[in-house]
Amino acid sequence: MAAKKQLNPMLKLALDIGPLVLFFAANAKFGIYAATGAFMAAVLIALAVSYVLTRHIAIMPLVTAAIVLVFGSLTLILHDDLFIKLKPTIIYVLFAGTLLGGLLFDKPFLGILFDQMFHLTDEGWRKLTWRWIFFFFTLAILNEIVWRTQTTDFWVSFKLFAVVPLTFLFGALQYPLLVKYSVEKKD
């Protein structure tokens, strides 16, 4: 079986974060509803670019795009920003729940998702999965606290300037675990 084509890491980062940056900029200039429409379009463009370059779409961006489109549409049709504010909470709970379900059925989904990049022992995958479960649930709680207690502009800024760096920091802090439980790749 041929290995799947992989995106350049910088391009992947741009495709992952670009829609959020556009959301932030559009919100600052035009408001939450225009930002929501721009976000929806940017997510679709990012998926299309990823597909054109690799001839496949990873499941996480696909699920995220579906939720963005559903909740973005509800936001625009009903003219209620509640839906776009709930979207991150739902995504974080969905990801945490999926990872938890995988552990319960002895299917470490992180192992499947990152198998091309990392090769860990079963114990390493379990520990890493638990950490990401707790992180996603924490992000869900944080999103709920911020959108319920702060202005929409603050919430949009929080998504870009707090959640993105926190996610990178959390990922980087997993490096010792990745090293400790690393195994040689078998060809």
| When the accessible area of the chain is computed with all protein chains present and a 1.4 Å probe, what percentage of it is carbon and sulfur? | 70
| request: Order D81, D122, most accessible first, counting only protein heavy atoms with a 1.4 angstrom probe. | output: D122, D81
| field | Degrees between helix 32-54 axis and first principal axis of the chain (Cα, 0 to 90, nearest 10) | value | 30
| task | Would you mind calculating the relative contact order of segment 1-50 from Cα pairs under 8 angstrom and at least 6 residues apart, reporting the percent as a whole number? | result | 38
| task | Describe numerically, in nm with one decimal, the distance between label points set 7 Å from Cα along Cα→Cβ at L178 and at T149. | result | 3.3
| Tell me, in nm to one decimal, what length is gained between I45 and L62 on full extension, where the rule is 0.36 nm per residue of separation less the Cα-Cα distance? | 4.9 nm
| said: Quick check for me: using +1 on Lys/Arg Cβ and -1 on Asp/Glu Cβ, what's the dipole size of segment 1-84 about its Cα centre, in debye to the nearest 20? | reply: 420
| Shape category assigned to the chain from the gyration tensor of Cα positions, a/c cut at 1.5 | prolate
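Taking a 24 Å limit on the Cα-Cα distance, which of the listed pairs K87/K107; K107/K180; K5/K159 fall beyond it?
As for pairs spanning more than 24 Å Cα to Cα, those are K87/K107; K5/K159.
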| Residue-normalised accessible area of segment 1-88, given per residue in Å² at a 1.4 Å probe | 56
| Cut-off under 5 Å, modelled amide H: who pairs with H119 long-range | V183
| By how many degrees, 0 to 90 and rounded to 10, does the Cα axis of helix 82-104 deviate from the longest principal axis of the chain? | 10
| task | Run the dipole for segment 15-162 about the Cα centre, Lys and Arg Cβ at +1, Asp and Glu Cβ at -1, nothing else charged, and hand back the magnitude in debye, nearest 20. | result | 80
| Where nothing but the Cβ of Lys and Arg (+1) and of Asp and Glu (-1) is charged, how large is the charge dipole of segment 107-152 around its Cα centre, in debye to the nearest 20? | 100
| message | Please compute the length gained on full extension between T89 and L69, using 0.36 nm multiplied by the number of residues separating them and subtracting their Cα-Cα distance. | response | 5.7 nm
| remark: Reported to the nearest 10 Å², Y51 has, with a 1.4 Å probe, an accessible area equal to 100
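The values are calculated or read from the model by the stated rules, or taken from the named source; none is laboratory data. For clarity, every value in this text was computed on a predicted model and none was experimentally measured. Don't worry about glycine lacking a Cβ; one is built from the backbone with ideal geometry, like all the others, and counts go over all protein chains shown. These accessible areas exclude ligands, DNA and RNA; they are computed on the full protein's heavy atoms, side chains included. Shrake-Rupley method; radii C 1.70, N 1.55, O 1.52, S 1.80 Å.
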